[in-house]
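The block underneath contains the structure these notes are about, expressed in structure tokens.
The values are calculated or read from the model by the stated rules, or taken from the named source; none is laboratory data. Small disclaimer: the values here were computed from a predicted structure and weren't measured. Neighbour counts run over all protein chains shown; Cβ positions are idealised from the backbone, glycine included. SASA here: full protein model, heavy atoms, side chains in, ligands and nucleic acids out. Shrake-Rupley method; radii C 1.70, N 1.55, O 1.52, S 1.80 Å.
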Amino acid sequence: ESQNVSHHDATREKVGVTAHFVAGLRAREHNKSEGRLFSDPYAQCLVGNIFDKSARFMYPSSSTASHKDAAKYMEEDGRLKAVPQGLSDGVAVRTRKIDDEMMTYLSGVSQSQICVLGAGLDTRPWRVELPDASGQSNISYFEVDFSEIFEYKLPALSAAGAVSRFSYKAVNADLGVPGWTDKLLAAGFNPFLPTFWLLEGFTGYLTEEEFHSVFNVMTQISASGSRLVATFVTPTTKITTTMHRFTPDVPINEVTKHKGWRGKQHDIRDIGKEMGREWADASMDGYYIVLADYIK
């Protein structure tokens, strides 16, 4: 059956390229002399200075270099093309918004855990500060992704001296097939504890069937009071590639199909305006962040 087909197929090997690209955008934001939206001192150790004019893109594996979608952002010799301002600012706004939502959530609950599905090269477990208002200590932070992501990321962060403020757990699993929750539970995930679920830059790489399969399982192991932050591309989003398979017209409706979830979708442009970041190009049009709460 299709639900048993791994989403780690040949057409999705390129996710490693996009993870490097997004980490490069985070590094560029961090290196701004003024007005940066967040601090990410570890992004550059993962990707190098990929936006330097003389730099060549650092692939996680040589096999990704031939994929045609890379031509959207790269010259044939590996140098990056000019990045649309909307994409650069949009990633920065997305990152800051998720940082803020995570800290707000941790400040408002007495006990919780964090679980990131499709974590990629995110560095939040090592770069974010725990909120002063949080009385929590030893918060479990689970990242779920393919083993090769962690085999690449964790040694690089360790070499850079990164130390997590959380009780960090890397969970090697393929989210496109059944069984990933068994690995998550074995790593110490507590289904009776409210969870901050993060699906950042992940939902579009699933099929519609895979998304709802993942979300069904998430719902089953979510305690009342859990919070979801998820990003979505839609049919009008310009930055989609052949990797993107799930582009719902109204993302929040896909979430609230699942009993107990209620929330809203927020246009990345509107979030940017609130932060004082606006852009003219259409590269991030139709890109949304969904914020939802789960009440059993």
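Structural remarks
- Here Ser158 qualifies as more than 19 Å from the chain's Cα centre (by Cα) and more than 27 Å from Pro251 (Cα to Cα).
- Criterion (in contact (Cβ under 8 Å) with a residue 60 or more places away in the chain and of a type outside the set (S, T, N, Q)) met by exactly one of Lys183, Lys169, Lys153: Lys153
- Filter result for the condition that a residue is open to solvent by less than 40 Å² (accessible area, probe 1.4 Å), modelled with pLDDT under 95 and under 17 Å from the mean Cα position of the chain (by Cα), over Phe202, Phe196: Phe202
- Counted residues, the range 246-269 - those being of a type in the set (Gly, Ala, Ser) and open to solvent by less than 20 Å² (accessible area, probe 1.4 Å): 1
- Answer from Tyr152, Tyr168, Tyr141, Tyr105 - the residue that is touching a strand residue (DSSP E or B) at 6+ places or on another chain (Cβ under 9 Å) and open to solvent by 40 Å² or more (accessible area, probe 1.4 Å): Tyr168
- If the condition is being under 25 Å from Leu37 (Cα atoms) and among the β-branched types (Val, Ile, Thr), then the range 249-296 contributes Ile268, Ile271, Ile289, Val290.
- With respect to (1) open to solvent by 20 Å² or more (accessible area, probe 1.4 Å); (2) assigned to a loop (DSSP other than H, G, I, E, B); (3) at pLDDT 55 or above; (4) not aliphatic (A, V, I, L, M), the lone exception for Asp100 is condition (2).
- Gly286 vs. criteria open to solvent by less than 40 Å² (accessible area, probe 1.4 Å), small (Gly, Ala, Ser), within 18 Å of the chain's Cα centre (by Cα) and within 23 Å of Leu106 (Cα to Cα): no
- Taking each residue of the range 100-116 that is within 25 Å of Lys183 (Cβ to Cβ) and touching a residue at least 24 places away in the same chain (Cβ under 8 Å) and looking for partners that are open to solvent by 60 Å² or more (accessible area, probe 1.4 Å) and of a type outside the set (S, T, N, Q) with beta-carbon atoms closer than 9 Å, six or more apart or interchain, yields Leu106/Ala133.
- Condition met for Ala162 (more than 17 Å from Ser112 (Cβ to Cβ), in contact with a Leu (Cβ under 8 Å, 6 or more places away or on another chain) and either open to solvent by less than 30 Å² (accessible area, probe 1.4 Å) or not in a helix (DSSP H, G or I) (or both)): no
- Any hit, the range 229-252, residues being under 16 Å from Val144 (Cβ atoms), of a type in the set (Gly, Ala, Ser) and part of a loop (DSSP other than H, G, I, E, B): no
- Long-range neighbours under 6 Å by Cβ, at least six apart or interchain, first residue under 21 Å from Asp270 (Cα atoms) and open to solvent by 10 Å² or more (accessible area, probe 1.4 Å) within the range 77-90, second at pLDDT 90 or above and not in a loop (DSSP other than H, G, I, E, B): Ser88/Leu25
- Residue list for the range 165-198, filter: touching a Lys or Arg at 6+ places or on another chain (Cβ under 9 Å) and of a type in the set (Gly, Ala, Ser): Ala170, Ala173, Gly176, Ala187, Gly188
- With respect to the conditions (1) modelled with pLDDT under 95; (2) open to solvent by 10 Å² or more (accessible area, probe 1.4 Å), Met243 lacks only one, and its number is (2).
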